[in-house]
1. Residues that are at pLDDT 85 or above, among the basic types (K, R) and assigned to a helix (DSSP H, G or I): does the stretch 97-116 have at least one?
2. Which count do you get for residues in the stretch 93-108 that are surrounded by 15 or more Cβ atoms within 10 Å (Cβ to Cβ) and over 30 Å from L70 (Cα atoms)?
3. Residues of the stretch 69-112 being farther than 14 Å from Y47 by Cβ and β-branched (V, I, T), which ones?
4. Looking at S130, S90, which one is in contact with a Leu (Cβ under 9 Å, 6 or more places away or on another chain), crowded, with 16+ Cβ neighbours inside 10 Å and at pLDDT below 85?
5. Of all residues in the stretch 158-187, which are in a strand (DSSP E or B), within 25 Å of E33 (Cα to Cα) and not aromatic (F, W, Y)?
6. For residues that are outside any helix (DSSP H, G or I) and under 21 Å from S95 (Cβ atoms), tally how many sit in the stretch 121-157.
Amino acid sequence: MKTAGMNVLLPILLIAAFVSPAAGQTVATSFAELEGRVSGVHKIYVYTGQAKNKRGRIKASLLQLSPSTLQVSVGGRTQDFRESDVLMISEPHTSTMKGALIGFAAGAALDLSVMHGWQLARDCRSDAESCAWAEVGGAFMAASGTFFGALIGHSIEHERVLFLAPQRNESRTFTLTPVMSPDRYALAATFRF
């Protein structure tokens, strides 16, 4: 009976752990909309048409946001952007918690299958030493998996879009934009309807 309950409970817990609360949020199309959604000083990426680095973004710390102006700190210097100059604003996120949960599950599964933790736990009723080794092995493998999973998850960075400028040109257009970096060349095609 316990196994059947775990077969139902485990998928529910995994789904709940990986559903992103930010997935249902909409993207702001004006600084006035964005003003109520961001607070405090935190790292953001500002995309403008004049960004000179290879990814087309400026890494900054948000200082102040008004309905018409964004004030950021870039390398210790204060810089202001008008809403008309900004194409997109995003914030970096890492997957530390998701990595820790995946690592915990992988470590526990590895202990139960490869390290024979399942067998030791089953023998726990008749042998106290097996019970102690099952606890030590399970805790060590789950903790190791959690640590390495969190480490890997923290190294994976993705961006959540906070602001996206509305289309300034309402006509239908097709644009090809060259994208260049020191090691790659590409073309970005944009279709507007």
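The values are calculated or read from the model by the stated rules, or taken from the named source; none is laboratory data. Values in this document were obtained by computation on a predicted structure and should not be read as measured data. Note that each Cβ is placed from the backbone with ideal geometry, even for glycine, and that neighbours are counted across all protein chains shown.
1. yes
2. The number of residues fulfilling the criteria is 11.
3. T69, T78, T94, T96, I102
4. Testing whether each residue is in contact with a Leu (Cβ under 9 Å, 6 or more places away or on another chain), crowded, with 16+ Cβ neighbours inside 10 Å and at pLDDT below 85 leaves just S130.
5. Result: H158, E159, R160, V161, L162, L164.
6. 2
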